[in-house]
Amino acid sequence: MRAEFPDFRLGNVLSTSFTGTLSERHGDAVERIPTPQRLIDWLAVYGLAVDSCSTAQLGLARELRESIHAAATAAALQEALPASAVRVINDCSAQGRAAAILTPEGKRQWQLNSASCVEDALSVIAADAISIIAGERDGRLALCASPTCQAAFFDTSQSRTRKWCDMNTCGNRQKKARFHANQRSDPSSAE
């Protein structure tokens, strides 16, 4: 991956990790797939390798990303799903030619063939989003407690009370801010 771009924020859930390619949505937004090649790089990290990506396909990927974010946010807030987001997710899911395969460990894995294109990879991401938003998987959709982030994430913790999309970024940032605020309010703690 190229050093001039911000690192990917990788997670265990494909579709919510994909929405994380745009972070700090309510602050200084960070675009992690600014170019078609960067989308190719992200897809490869998740085992959805494609050979090429056009500017139009990057636009479609971003449209899917924003649709998943909108629908996941609505689901987390227990609000009605935006019709336009549902349409984009469904259209992307229906366009793909990926195959679900069973691994020797008994897990489902998506497989693209050598002629697969970006739309095939996006269909896998859309299908993953559908399974989460429809409540088919064990966990719950939640929103990051960081006021500048508010990313949708899939909480699979035992208590289902996770607050941060990523403890290493948003959670750590909030803990540092709280620590520094406490240091300022209690000057004797600095001694």
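Quick look at the numbers
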item	result
By average C-beta atoms within 10 angstrom, highest first, the peptides 89-95, 55-61, 76-82, 18-24	18-24, 89-95, 55-61, 76-82
Rounded tilt (10° steps) of 118-133 against the dominant C-alpha axis of the chain	60
Ellipsoid equivalent to the range 72-170 - semi-axes via the Cα gyration tensor, in Å	26, 18, 13
Loop-located trypsin sites (Lys or Arg not before Pro) in the range 76-124, at most 15 other Cβ atoms within 10 Å (DSSP)	Arg97, Lys107
Positive-end residue of Leu39, Gly135, Asn168, charge dipole of the chain with Cβ unit charges	Asn168
Estimated D of the chain in µm² per second, where Rh is the Kirkwood radius over Cα pairs and Stokes-Einstein applies at 4 °C, 1.567 mPa s	73
The range 1-74 and the range 130-152: distance between their alpha carbon centers, rounded to Å	16
Point-charge dipole on Cβ atoms (K/R +1, D/E -1) for the range 1-97, about Cα centre, debye to 20	180
Rg/Rh for the range 110-164, where both radii come from Cα atoms and Rh is the Kirkwood radius	1.11
Helix 83-95 axis, angle to the chain major axis (alpha carbon atoms, nearest 10°)	50
For peptides 122-133, 147-158, sequence by mean Cβ density within 10 Å, most packed first	122-133, 147-158
Accessible area expressed per residue, the range 1-99, with surrounding protein chains retained (probe 1.4 Å, Å²)	49
Relative contact order (%) - the range 1-81, alpha-carbon pairs under 8 angstrom, separation at least six	22
Sulfur and carbon atoms: percent of accessible area, the chain [1.4 Å]	50
No Cys partner within the rule (Cβ under 4.7 Å), the chain	Cys53, Cys92, Cys117, Cys170
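The values are calculated or read from the model by the stated rules, or taken from the named source; none is laboratory data. Every value quoted in this text rests on a predicted model; they were computed, and no experiment measured them. Neighbour counts run over all protein chains shown; Cβ positions are idealised from the backbone, glycine included. Accessible surface areas use protein heavy atoms only, side chains included; no ligands, DNA or RNA. Shrake-Rupley method; radii C 1.70, N 1.55, O 1.52, S 1.80 Å.
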